[in-house]
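Student: To start, I am sharing the structure in question, which I have written as structure tokens.
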Amino acid sequence: MSIEIRPANVRDIEFLVDCNAAMARETEHKILDREALTRGTRAVFEDQHRGFYLVAELEGNRVGCLLVTYEWSDWRNGDWWWFQSVYVIGEARRLGVFRALYAEVERRARAAGAIGLRLYVERDNARARRTYASLGLEEEPYRMLRQGFTDLD
């Protein structure tokens, strides 16, 4: 089975929204507002500075996706590339889909001169943490803090 990774396009928006909604349910037990999620997903295609989506296909079927966003580092004079909205459909898990997505992001990041890759993961998601560690990702010494300004948190 060959896993193909390609840039997402506007025809993938419904798939991306479905994946993001499923990921929020599975990892954070949240039901996202589908209209807001659709607008947020579409906004990435309307402004390339927001980032880009990749889609994984297995035998011609979409089975996973992720969003890459950027964070400028003045300390390092370069961009961190952040993995966001990572999702692989249930029946395609443990088949190397995320590894293929990761490899493509790493390839693109290196080619673009990014300073590194980052992601965040739920504390209790042991399987994801093991997968990320197996790819060479190391835990940061930081805690994430936030202040939300919407009721969508």
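Please treat every number below as a calculation from the coordinates, not as lab data. Everything numeric here is computed off the predicted structure, so don't read it as measured data. We place every Cβ from the backbone using ideal geometry, glycine too, and count neighbours over all the protein chains shown.
Student: Nearest 20 debye, what's the magnitude of the dipole of the stretch 3-134 about its Cα centre given +1 on Lys and Arg Cβ and -1 on Asp and Glu Cβ? Show your work: numbers first, answer last.
Tutor: Numbers: 21 positive and 20 negative charges, 84 e Å.
Roughly 400 debye for the stretch 3-134.
Student: Distance between the C-alpha centers of the stretch 105-153 and the stretch 36-79? Whole Å please.
Tutor: 14
Student: Right, here's the next one. By count of other Cβ within 10 Å, fewest leading, how are Val10, Val68 ordered?
Tutor: Numbers: Val10 11, Val68 23.
By the 10 Å Cβ count, ascending, the order reads Val10, Val68.
Student: Give me the Debye-computed log₁₀ of I(q)/I(0) at q = 0.17, 0.23, 0.34 Å⁻¹ for the stretch 16-55, equal point scatterers on Cα only, no solvent, two decimals.
Tutor: Cα-only, vacuum Debye calculation for the stretch 16-55: -0.46, -0.77, -1.09.
Student: Using DSSP loop states and a limit of at most 14 other Cβ atoms within 10 Å to flag chymotrypsin sites (Phe, Trp or Tyr not before Pro), what is the longest stretch of the chain containing no flagged site?
Tutor: On the way: sites that count: Trp75, Tyr120, Tyr142, Phe149.
Maximal segment without exposed cleavage sites: 1-74.
Student: A follow-up question, please. Over the stretch 102-149, one equal point on each Cα, no solvent: what is log10 I(q)/I(0) by the Debye formula at q = 0.16, 0.28 Å⁻¹?
Tutor: Computed log10 I(q)/I(0) values: -0.59, -1.11.
Student: With N set to the number of residues, divide the alpha-carbon radius of gyration of the chain by 2.2 N^0.38 Å and report two decimals. Intermediate results must be reported in sequence, preceding the final value.
Tutor: Working: Rg = 15.4 Å, N = 153, 2.2 N^0.38 = 14.9 Å.
With N residues counted in the chain, Rg over 2.2 N^0.38 Å equals 1.03.
Student: Please compute, over every Cα-Cα pair in the stretch 63-127, the percentage with a separation greater than 16 angstrom. Don't skip to the answer; put the middle values down first.
Tutor: Numbers: 1072 of 2080 pairs.
Every Cα pair in the stretch 63-127 considered, those over 16 Å come to 52 percent.
Student: Given a 10 angstrom Cα cut-off, can you work out which residue in Arg130, Arg110, Arg34 is the most mobile in a GNM of the chain?
Tutor: Arg130
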